[in-house]
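These notes are about the structure you will find just below.
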Amino acid sequence: MQRRPRSGRWRTVLTAALTMALLPLWATSADAADTGADSTSAVTKTRVTLTTDTDIHDDTFAHVLQQTLTLAAGEKRHLRGRAESTNSITGNVGKTVRIFCNDASGNLASVEAASARNHEGYDTTSYATPGRLPLYTDLLFTAPAAGTYTCILKVNAYTSLLGNPHLTVKAGSTWLESDNSDRAGAHWWQNPDCASNATTGTCTYVGAAPAQPDAWVFYNDGTVRHKWEAHPDAVTVSAQANLGLTTCYDETGSCPKNMWGPPKGPGAVVDTRFELVQLDTTGHACRTHPHQISRTVGDNAHHTTGYYALNNIDIEPSCGTRTFLMRIYVKHVSGQRVKIDGAQRNGLTPLTSGIAFNNF
């Protein structure tokens, strides 16, 4: 995340700001995500859209969009943001998109959700719209107390290249939306801490030894397993997850030396499978709702976020419970070792997360 695309030199960028259907979504082809990762029809949302292009220079952040929510204690809202940007140069400029909510005193009221990727230059043709990189991020915000909260979409840029390069966050295609009603019983997952420079926390790596060949996010990666109970009145359930991945090429500051691979270039191929598993009365799988997708994570992109959603899943009565597990299987196929991005800043900024919803 907060890392120079060439040198990998660590910077702490202080950011404050002024953002049953199956849909796997990745940043390089993410325009399909405009329908929303959570598409349950009963939930109405308010969306605010950026009206003026906003430039972001190296080691700076943009206060992009915000919404004000007045909530009772324990009330929940799903917030989703999209930030689409261009790049002033052909070289890499790092990009991080975050959502967080402040209380009336301006203090952070919960974790902030984040997605990160290098913008690979204005001449890049691999995005859905050439030269325009969209990133999404999702947050399930639970009000810690009754009050008014300001929820913010922010974007920051970082690069080691000279010449004052910058990203431009684009009006019209950048937005922040939030639910208009309580998401009763919804639950948030995040995996363990993993610092941007991998020096602290419990990071998970897949690939050749000493990395693991595969891993289960939220299941055997150090996450405390959570068995989520669907609400007694829920008709169906929905789930989504954002999975952050980073390649470990030679001399990158994002991975420890023993995980470095060859010099930047080959990238990595991984198979992933997002699952929501309904359990039986013995605690074993009764119904598994999966989707598997294989993707290449390029070394120039370096960081990639995969977006997944499972919508309007029936709760099978024959299972005998309304209990579910969420997990993401990640298997290394070829190329560089890959770090599964975790929570940074002592758990406050997760780059991998999941949400389960009740649909009434």
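Mean 1/r over all different Cα pairs, inverted: what Kirkwood radius does the chain give, in Å? Can you show the working numbers first?
Working: mean 1/r = 0.0491 Å⁻¹.
Mean inverse Cα-Cα distance, inverted, gives 20.4 Å.
Between residue 334 and residue 251, 0.36 nm times their residue separation minus their Cα-Cα distance comes to what?
On the way: separation 83, 0.36 × 83 = 29.88 nm, distance 1.91 nm.
Using 0.36 nm per residue and subtracting the Cα-Cα distance, I get 28.0 nm.
Tell me the per residue accessible area of the range 224-360 using a 1.4 Å probe; a whole number in Å² is fine.
Details: 5040 Å² over 137 residues.
Averaged over the residues of the range 224-360, the accessible area is 37 Å².
Would you list which lysines come within 30 Å of residue 154, measuring only between C-alpha atoms, while excluding same-chain residues fewer than 8 positions from it?
45, 76, 95, 170, 264, 339
Multiply the residue gap between residue 51 and residue 269 by 0.36 nm, knock off their C-alpha separation, and tell me the result in nm, one decimal place. Could you put the intermediate results ahead of the total?
On the way: separation 218, 0.36 × 218 = 78.48 nm, distance 3.75 nm.
Stretched fully, the residue 51-residue 269 segment lengthens by 74.7 nm.
List the residues of the range 291-324 whose backbone N lies under 20 Å from a point placed 7 Å from the Cα of residue 231 along the Cα-to-Cβ direction.
310-317, 321-324
Rg/Rh for the range 204-248: what does it come to with C-alpha atoms and Rh from Kirkwood?
Details: Rg = 15.3 Å, Rh = 13.5 Å.
Reported Rg/Rh, Kirkwood definition of Rh: 1.13.
Determine, for each peptide in 217-225, 57-65, the mean count of other beta carbons within 10 angstrom over its residues, then list the peptides with the highest first.
Details: 217-225: 17.4, 57-65: 19.8.
The most tightly packed comes first, giving 57-65, 217-225.
With every protein chain left in place and a probe of 1.4 Å, what is the accessible surface of residue 315, to the nearest 10 Å²?
20 Å²
Of the GluC sites (Glu not before Pro) in the range 215-300, which ones lie in a loop per DSSP and count no more than 15 other C-beta atoms within 10 Å?
Working: sites: 229, 251, 275; in loops: 251.
Loop-located and lightly packed - 251.
Determine the order of 226, 303 by accessible area, beginning with the largest, at a probe radius of 1.4 Å. Can you show the working numbers first?
Working: 226 60, 303 5 Å².
If we order 226, 303 from most to least accessible, we get 226, 303.
At 4 °C and a viscosity of 1.567 mPa s, what translational diffusion coefficient does Stokes-Einstein give for the range 140-232, taking Rh as the Kirkwood radius over Cα pairs? Give it in µm²/s as a whole number.
Numbers: Rh = 18.4 Å.
Using the Kirkwood radius from Cα pairs, D works out to 71 µm²/s.
Modelled label-to-label distance, residue 44 and residue 200, 7 Å Cα→beta-carbon offset: nm?
4.5 nm
Could you work out the percent of alpha carbon pairs in the range 50-203 separated by over 19 Å, rounded to a whole number? Could the numbers behind the result be given before it?
On the way: 6692 of 11781 pairs.
Tail of P(r) above 19 Å: 57 percent of Cα pairs.
Using a simple spin-label model with points 7 Å from Cα along the Cα→Cβ vector, what separation in nm is obtained for residue 224 and residue 360?
So the two model labels end up 2.7 nm from each other.
On a full-extension model of 0.36 nm per residue, what is the gain between residue 294 and residue 162, subtracting their alpha-carbon distance, rounded to one decimal in nm?
Length difference between fully extended and current span is 44.0 nm.
What is the dipole size for the chain, taken about its Cα centre, with +1 at each Lys and Arg Cβ and -1 at each Asp and Glu Cβ, in debye to the nearest 20? Don't skip to the end; give the middle numbers.
Working: 31 positive and 31 negative charges, 121 e Å.
The dipole of the chain has a size of about 580 debye.
Which whole-number percentage describes the relative contact order of the range 155-276, with Cα contacts under 8 Å and a sequence gap of 6 or more? Present the calculation step by step, with values, prior to reporting the outcome.
Details: 87 pairs, mean separation 20.3, N = 122.
After rounding, I find 17 percent.
The values are calculated or read from the model by the stated rules, or taken from the named source; none is laboratory data. Values in this document were obtained by computation on a predicted structure and should not be read as measured data. Virtual Cβ from ideal backbone geometry, glycine too; neighbours counted across all protein chains shown. Side chains included, ligands, DNA and RNA excluded: accessible areas come from the protein's heavy atoms. Shrake-Rupley method; radii C 1.70, N 1.55, O 1.52, S 1.80 Å.
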